[in-house]
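For reference, the structure discussed in these notes is given below.
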Amino acid sequence: MLSRLRFSFLQLGILFVLTSILLPAASQTLSFGLMQPITLSGDTTMVITRDYILQPSMISNVTTPDFLQARLSDNKDTLLLIRNGREMQTLSTLHFSAGNEMFDVLLKKPRKIPVSISFDPNGKKYTQVNIVGDLTNWNPNVLHMQMVNGKWVLPLQLNPGRYQYQIVADGNWFLDPGNKDSIDNGIGGYNSLLNVGGSEGDAPDIYTVWEDSLTNTLDVSGSAEHYVVFWDNHQLTYKEIYSQHEEDFSEGKDIVIAVPEQAKSVKRSQIRIYAYRGNLISNDLLIPLEYGKVITDSKLLDRTDFQKTIMYFMMVDRFVNGDKSNDHPVDDARVMPQANYQGGDLAGVKQKIDDGYFEKLGVNTLWISPVFQNPMGAYQEFPEPHRWFSGYHGYWPISLSKVDVRFGTNAEFKSLVDDAHGNDMNIFLDYVANHIHAEHPLWTSHPEWFSQLDLPDGRKNLRMWDENRLTTWFEPYMPSFDHSQPAVAEACADSAMYWLTTFGIDGFRHDATKHIETEFWRLLTFKIKTEVAIPQQKPIYQIGETFGSRELIGSYIGSGLLDAQFDFDLYFDARAVFASGDIPFSRLSSSLKESFDYFGWHHVMGNISGNHDMARFISYASGDLKWNENAKEAGWNRHITITDTIGYARLKMLQAFNMTIPGIPIIYYGDEIGIPGGDDPDNRRMMYFDSLNRFEKDVFNTVSKLTQLRSNHMALLFGDFEVLQEQSAGSNDLQFAYLRSYFNDAVIVVFNRSNEQVTLSYPLPTRLLNAIPQAQMGTTINRHGYQIDILDIPANSFEIITFDR
């Protein structure tokens, strides 16, 4: 059936009817999920076709914009997009014909621009000068500067953004003396700061205005000049219209989109809208549909809609001891209690599901630490001071098909998953694909499947996180798989599929993602799509763990790769801002923008409150843990408590931030009440639920209210994002506010990080003129036309204002 995409300039009263297109029904075999945009790179971009078309042999034609040439390999496994010298469009589309269907993928113009870093040694002689920092994932042996006319110079191609770095001259690290910009590194020191881009002006913005269920249309407005619109993986095409109005598309002009008739036959589909002005790309919009109708009620979403996810991460051994009969701590005096098993098990997790704890907290997804069988004995860590540990954490698998006897049985794990599903919850399993423990039979039967521990230069290939990223071992007793071998990759992927198909879990958290080749993640994702997702019509969520730059993190995310990773860079900036008293909110605002630029405005990245590999947020926020001290040794050498209750207030602000920004909020167990702790293993204390003090109860109640607000407001799940500028005199960088809106739902979030109560005023966009505001946290608000005043917002607190339009 023919469908139309209609654009109207409402203020001019003119309606343009655009090209009618015939859309195919949603495919069940050639693709699954939304095809993610491709950012072009340099003169040639290689596309792995199976990332987009699951059966590449069925590709019959590829169409590109006129500034690109397409070169499809003979086996159709790869596609080269080659620039031909014509001017590139900011946004364009790649078209696949496969079988009897058409699929469209958004293309983005390359973002990288030329940058040069120079260092004047002022006559001092150096043998070698390098750059270390975000650009190298803090490996000092990657970027080498060259001497040119008496200065050390390094030319680069970089994406716009902020980059922390230092100079390394003959092994000595120091700030760049030629760069006046520096930034607190969050651990008691400073780094030089390189700011790239930002000279082209403000990017355009777009937002939803209204939807009409009778005509099945929706209205979008903004300051962009050109739009690219998709229904699922099919572009809605149109004729060029802007020239008739001298490229005039100013604030307030609208586009009206008619939802395709084919959408009525699909329970869940999406409208995606991208836009740009000149070289500047706007925010993008994602609009979910149910049988062709725009979803405006969050109750229509379910736990398979990734944006609806609110995740809770617990370490099984440290959560609840539900079955004391399986308590078998390692009997070794060298293992301190905090490094030994403490009794938590699957029965304990199931107990908390059944008693309604997670329902009360408001989470719908459990990320469970690895449950694989680990050694029964103790092992010594490689780095000093060479302490002894048990495998209580689950990351030393000696079997990848059996549940650890100290946690329960395979049958108990299946019962836990079924019980979670019965309570409308997801289970994501922490899967270890990078390595095994030396007690695993594979190490004896197939030693050739693993990378080398002994390097040619005589060093041990241990903890070389970035220098030997894909081959390094974590410990001498933890052989690292060589996934570049097809047999190894197949075996590891099939092992993951065993847990997915046997137990019916809903997703994976993947350990040590960056230490595994992307080819493995492609293989696993292909198996998931073809063996589970398509046959069961069930989306499977995959989130990875990568510490590094956003560029590195993003290289593992895409249509044929993972759905998301943890946004550690955003967390580190949020931690610095909320847990300290002097880091400006501008740092957090810039960090958010960089995440949007790399991952999209409707990404499903993980926004964490903390995790098992770093000291507890509240211990920094309360001042009981110093930024410049060794958090791991602090946890071993003293009992860290909370001596300043400001830590609880700051923790609540972090939780409010995570619950109101795009992405998936993740609560690390204990952060819903404020358990303190240093680094591993002190950040893995036993969870407790009783005898909470009033501050802990307040944190729990606040987090519970935040989860309910998020779950009930489409603006917090699918809304746009706009930073608001405070209007009153005397405002400073200790306050921060943003607006999220989605059709008739809108939310403003305001933070006051100062030590005094303040009154703040913010402008309201015209679309909120008739909306009714309500302060959810109890602050008094006044509305004056296009301005809202938040009166006497307390020190170190936040307010969430909802609007009903």
Exercise for the section: Quick one: S704 ticks every box in (1) closer than 25 Å to D671 by Cβ; (2) part of a loop (DSSP other than H, G, I, E, B) except a single one, so which number is it? Expected result: (2)
Practice task
Select from segment 216-238 the residues that are part of a loop (DSSP other than H, G, I, E, B), open to solvent by 10 Å² or more (accessible area, probe 1.4 Å) and over 15 Å from L34 (Cβ atoms) and list them in ascending order.
Solution key: N216, S223, E225, T237, Y238
Handout entry: helices (runs of 4 or more DSSP H) wholly inside segment 522-631 containing at least 3 residues that are open to solvent by 20 Å² or more (accessible area, probe 1.4 Å), in contact (Cβ under 8 Å) with a residue 60 or more places away in the chain and in contact with a Lys or Arg (Cβ under 9 Å, 6 or more places away or on another chain)
Key = 585-599
Practice task
Sort out which residues of segment 107-141 are within 30 Å of the chain's Cα centre (by Cα), free of Cβ contacts under 8 Å to residues at least 40 places away in the same chain and open to solvent by 30 Å² or more (accessible area, probe 1.4 Å), and write them in order of number.
Solution key: P140
Exercise for the section: Return the only residue of M653, M659 being outside any loop (DSSP other than H, G, I, E, B), crowded, with 24+ Cβ neighbours inside 10 Å and of a type in the set (A, V, I, L, M, F, W, C). Expected result: M659
Practice task
Quickly run through segment 26-54 and pick out the residues that are open to solvent by less than 70 Å² (accessible area, probe 1.4 Å), under 22 Å from W231 (Cα atoms) and more than 24 Å from the chain's Cα centre (by Cα).
Solution key: A26, S27, L30, T49, I53, L54
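To keep it simple, each residue is scored yes or no on (1) open to solvent by 60 Å² or more (accessible area, probe 1.4 Å); (2) outside any loop (DSSP other than H, G, I, E, B); (3) modelled with pLDDT of 95 or more.
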residue	(1), (2), (3)
G730	yes, no, no
S741	no, yes, yes
F751	no, yes, yes
N770	yes, no, no
Q774	yes, yes, yes
R783	yes, yes, no
E799	no, yes, yes
T802	no, yes, yes
Practice task
Provide a single number: the residues in segment 418-466 that are in a loop (DSSP other than H, G, I, E, B) and touching a residue at least 60 places away in the same chain (Cβ under 8 Å).
Solution key: 11
Exercise for the section: For L193, state whether it is at pLDDT 95 or above, closer than 26 Å to E467 by Cα and touching a Lys or Arg at 6+ places or on another chain (Cβ under 9 Å). Expected result: yes
Fill in the blank from the handout: Expected output for segment 346-365 (first residue among the small types (G, A, S), partner open to solvent by 10 Å² or more (accessible area, probe 1.4 Å) and assigned to a helix (DSSP H, G or I), Cβ below 6 Å, 6+ apart or cross-chain) is G362/S704; G362/Q708
Problem - Candidate set from segment 422-444 (those that are within 27 Å of the chain's Cα centre (by Cα) and within 17 Å of D355 (Cβ to Cβ)); member that is surrounded by the most Cβ atoms within 10 Å (Cβ to Cβ) - result: M425
Fill in the blank from the handout: S213 passes all but one of the listed conditions (1) out of contact with any helix residue (DSSP H, G or I) (no Cβ under 7 Å at 6 or more places or on another chain); (2) within 27 Å of D597 (Cβ to Cβ); (3) open to solvent by 20 Å² or more (accessible area, probe 1.4 Å); the exception is number (2)
Problem - Test: residue in segment 590-599 that is modelled with pLDDT of 95 or more, in contact with a strand residue (DSSP E or B) (Cβ under 9 Å, 6 or more places away or on another chain) and over 25 Å from L135 (Cβ atoms) - result: no
Practice task
For R318, state whether it is open to solvent by less than 20 Å² (accessible area, probe 1.4 Å) and either modelled with pLDDT under 95 or closer than 19 Å to N683 by Cα (or both).
Solution key: yes
Practice task
Please tell me if D66 is acidic (D, E), open to solvent by 10 Å² or more (accessible area, probe 1.4 Å) and either at pLDDT below 95 or under 27 Å from Q542 (Cα atoms) (or both).
Solution key: no
Handout entry: Qualifying position, being open to solvent by 10 Å² or more (accessible area, probe 1.4 Å) and outside any loop (DSSP other than H, G, I, E, B), among Y688, Y648
Key = Y648
Exercise for the section: Just one of (1) out of contact with any Ser or Thr (no Cβ under 8 Å at 6 or more places or on another chain); (2) closer than 23 Å to K527 by Cα; (3) open to solvent by less than 60 Å² (accessible area, probe 1.4 Å) trips up S57, so point out which. Expected result: (3)
Exercise for the section: Test each condition in (1) without any contact (Cβ under 8 Å) to a residue 60 or more places away in the chain; (2) open to solvent by 20 Å² or more (accessible area, probe 1.4 Å) for E696 and report the one that comes out false. Expected result: (2)
Practice task
Would you mind stating whether Y571 is modelled with pLDDT of 95 or more and closer than 23 Å to A737 by Cβ?
Solution key: yes
Completion exercise
Residue hits (segment 86-105; over 25 Å from A224 (Cβ atoms) and either without any contact (Cβ under 8 Å) to a residue 12 or more places away in the chain or of a type in the set (D, E) (or both)) are E101
Handout entry: Restricting segment 175-190 to residues that are within 27 Å of the chain's Cα centre (by Cα) and assigned to a loop (DSSP other than H, G, I, E, B), the residue that is modelled with the highest pLDDT
Key = G189
Practice task
Examine segment 666-673 for a residue that is in a helix (DSSP H, G or I), at pLDDT 95 or above and of a type in the set (F, W, Y), and state whether such a residue exists.
Solution key: no
Practice task
Filter segment 472-521 down to the residues that are out of contact with any helix residue (DSSP H, G or I) (no Cβ under 8 Å at 6 or more places or on another chain) and of a type in the set (V, I, T), then identify the one that is least open to solvent (accessible area, probe 1.4 Å).
Solution key: I516
Exercise for the section: Identify the single condition in (1) open to solvent by less than 40 Å² (accessible area, probe 1.4 Å); (2) assigned to a loop (DSSP other than H, G, I, E, B); (3) on the phi < 0 side of the Ramachandran plot that V405 does not satisfy, given that it satisfies every other one. Expected result: (1)
Practice task
Return yes or no: is L739 without any contact (Cβ under 8 Å) to a residue 60 or more places away in the chain and more than 23 Å from I295 (Cα to Cα)?
Solution key: no
Completion exercise
Within segment 608-630, residues being of a type in the set (D, E, K, R) and closer than 18 Å to S369 by Cα number 2
Handout entry: The lone exception for V758 - which of (1) touching a Leu at 6+ places or on another chain (Cβ under 8 Å); (2) farther than 26 Å from I273 by Cβ; (3) in contact (Cβ under 8 Å) with a residue 24 or more places away in the chain; (4) β-branched (V, I, T) it fails
Key = (1)
Practice task
Would you be able to say whether some residue in segment 475-498 is among the aromatic types (F, W, Y), in a loop (DSSP other than H, G, I, E, B) and modelled with pLDDT under 95?
Solution key: no
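The values are calculated or read from the model by the stated rules, or taken from the named source; none is laboratory data. None of the values given here were measured: they were computed from a predicted structure. Positions of Cβ are generated from backbone atoms using ideal geometry, with glycine treated the same way; all protein chains shown enter the neighbour counts. Areas reflect the complete protein model, heavy atoms only, side chains present, ligands, DNA and RNA absent. Shrake-Rupley method; radii C 1.70, N 1.55, O 1.52, S 1.80 Å.
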